[in-house]
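Enquirer: Would you mind keeping the following structure in view while I ask a few things?
The values are calculated or read from the model by the stated rules, or taken from the named source; none is laboratory data. In this text, all values refer to a predicted model and were calculated from it rather than measured experimentally. A quick note on method: Cβ atoms are made from the backbone with ideal geometry, for glycine too, and the neighbour counts reach across all protein chains shown.
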Amino acid sequence: MTGYEPPTALPRALLDREDMKAAIAAHDFGKVFRLARSEALISYSKIAAECDMKPERVGLLARGQGSVTTFEKIARIADALRIPGHLLGLAPREWEAPAALHRTVRSPAHTPDADGDDVRRREFFKASAGAGLVVALPELTRPQAGSRVGSDLPERLRERAARLRRLDDVLGGGDTYRVYLGEYEATKALLREASYTEATGRALLSVLAEQAQQAGWAAFDCGRHEDATGLYEASHQVAVDAGDAELAGNALAFLAYQAVDGDRRAGIQISARSVEEAGPEAAPGVRALLYERLAWAYAVAGLADETERALDAAQAALADIDERPQPDWVTWVDENELQIMTGRCWTELRRPLRAVPVLEAALARYDDAHARDKSLYLSWLADSYLTAGEVEQAASVTGRALDLASGVASVRPRERLAPVLRRLGRHRTLPAIAELLEKTGA
């Protein structure tokens, strides 16, 4: 891509105009196309060809009819018109990144909907606005190679990482992996090429460890497990070098969460190490998260007493009054999330009478906007209903989970729901089950 200059590339002078910048920021591509034609003499037919759109679609947009909201199409327009990523709320595109940051990346896992078309990616970051997602990223000019980095840059990078983390609330790893990986690679290059004090260097390493965990989680979510492992391991080493015990413990917790399905003993051992490495002085939210992950490792291994003790420790950590600011990467860990993990653990332990009430109450408070996570959590509720013999209720919950998972670029909801659907298949003589199986093609 980097060696090709499309005939639809917008001139720099046009990109710098206030009306063009406003149209780009608002994702008003109809106006962008109109300005491209009137000011740069770029025909709609050329725009259609480069953007992989029908000419009539381009014409309709230019006349103010319709909008573009899918992640893939917006990225395609950015590349065709050579609109820098930051103007659209995207990571730097490959054609604009410095050569030092170029890296060949396989396309992330892609999830089609039942009709074979792309489902709108959660209305492209909820129109890239309301939740303060990508468009509202803090302004940031990355230093050039060899330049001196100020002590304020690590905190600015951490604020940027916090904003980018909000994408995971509404999108799957297939949409976010390259964004997160680009941030990680850019900071890694900065550490290699810039100059800074020892204290600033440690702070930058801590940011790098956090970015590696973001990228690793997205890789895990879209099925790139080797990439996830490599990023988690890199994060752990960098966090140790930075002296950041909390992030080092969290890197191990990620590794344990990934490992537990394949090697339960290793999952428990790594998860226990994560608690030890973070230490008793870690922030309450960090301790709660790590004990949750330890409880999960015990539950998957079928160890009920150990699971309950770890859940109690997580609850105690959440109840701990601590005036210190919590790391942004644990802000999602709250009482409701702990209840969901509790229900998941009891589901794994085949205790539906304990799992169902907890999951039902917690999921009733859980917003559908978090479609991937709610779909996953509903899969455990459906699993518990099946274990309890409530087949029709399990089918209803499974259908709801499948609807939520539609269009989310994550492999995990479907992986979780596949065994539930297989178990439901034993009851296909029931009308509700037959209807669900027919709908899903199972």
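Enquirer: Could we say that Gln339 is part of a helix (DSSP H, G or I) and closer than 30 Å to Ala245 by Cα here?
Expert: Yes, satisfied.
Enquirer: Pull up region 66-97, narrow it to residues that are of a type in the set (Lys, Arg) and not in a loop (DSSP other than H, G, I, E, B), then point me to the one that is surrounded by the fewest Cβ atoms within 10 Å (Cβ to Cβ).
Expert: Among those that are of a type in the set (Lys, Arg) and not in a loop (DSSP other than H, G, I, E, B), it is Arg76.
Residues checked against (1) surrounded by fewer than 20 Cβ atoms within 10 Å (Cβ to Cβ); (2) assigned by TED's automatic domain parsing to the domain that holds Ser406; (3) at pLDDT 60 or above; (4) among the aromatic types (Phe, Trp, Tyr):
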site	(1), (2), (3), (4)
Ala129	yes, no, no, no
Glu155	yes, no, yes, no
Ala162	yes, no, yes, no
Asp168	no, no, yes, no
Gly174	no, no, yes, no
Glu183	no, no, yes, no
Tyr196	no, no, yes, yes
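Enquirer: Could you please give the count of residues in region 257-271 that are modelled with pLDDT under 90 and surrounded by 16 or more Cβ atoms within 10 Å (Cβ to Cβ)?
Expert: The total comes to 1.
Enquirer: Further question: Of all the residues that make up region 168-203, how many are more than 10 Å from the chain's Cα centre (by Cα) and part of a helix (DSSP H, G or I)?
Expert: 20
Enquirer: Select from region 295-347 the residues that are at pLDDT 95 or above and aromatic (Phe, Trp, Tyr) and write down the one among them that is surrounded by the fewest Cβ atoms within 10 Å (Cβ to Cβ).
Expert: Among those residues, the one meeting the criterion is Trp329.
Enquirer: Turning to a different aspect of this structure: Failed condition for Phe254, given (1) closer than 16 Å to Gly230 by Cα; (2) at pLDDT below 95, with all others met?
Expert: Phe254 satisfies every listed condition except (2).
Enquirer: Report, by residue number, each residue of region 8-54 that is within 32 Å of the chain's Cα centre (by Cα) and part of a loop (DSSP other than H, G, I, E, B).
Expert: Those that are within 32 Å of the chain's Cα centre (by Cα) and part of a loop (DSSP other than H, G, I, E, B): Thr8, Ala9, Leu10, Asp16, Ala26, His27, Asp28, Asp52, Met53, Lys54.
Enquirer: Do we find that Ala432 is hydrophobic (A, V, I, L, M, F, W, C) and not in a helix (DSSP H, G or I) in this structure?
Expert: no
Enquirer: Now a separate question. Looking at Ser406, Ser396, Ser410, which one is of a type in the set (S, T, N, Q), touching a residue at least 24 places away in the same chain (Cβ under 8 Å) and more than 22 Å from Asp175 (Cβ to Cβ)?
Expert: Unique residue meeting the criteria: Ser396.
Enquirer: Could you check, for region 55-65, whether at least one of its residues is under 29 Å from the mean Cα position of the chain (by Cα), under 27 Å from Gly407 (Cβ atoms) and surrounded by 15 or more Cβ atoms within 10 Å (Cβ to Cβ)?
Expert: no
Enquirer: Now for a separate question. When only residues in region 420-430 that are in contact (Cβ under 8 Å) with a residue 24 or more places away in the chain and of a type outside the set (Lys, Arg) count, which is surrounded by the fewest Cβ atoms within 10 Å (Cβ to Cβ)?
Expert: Leu430
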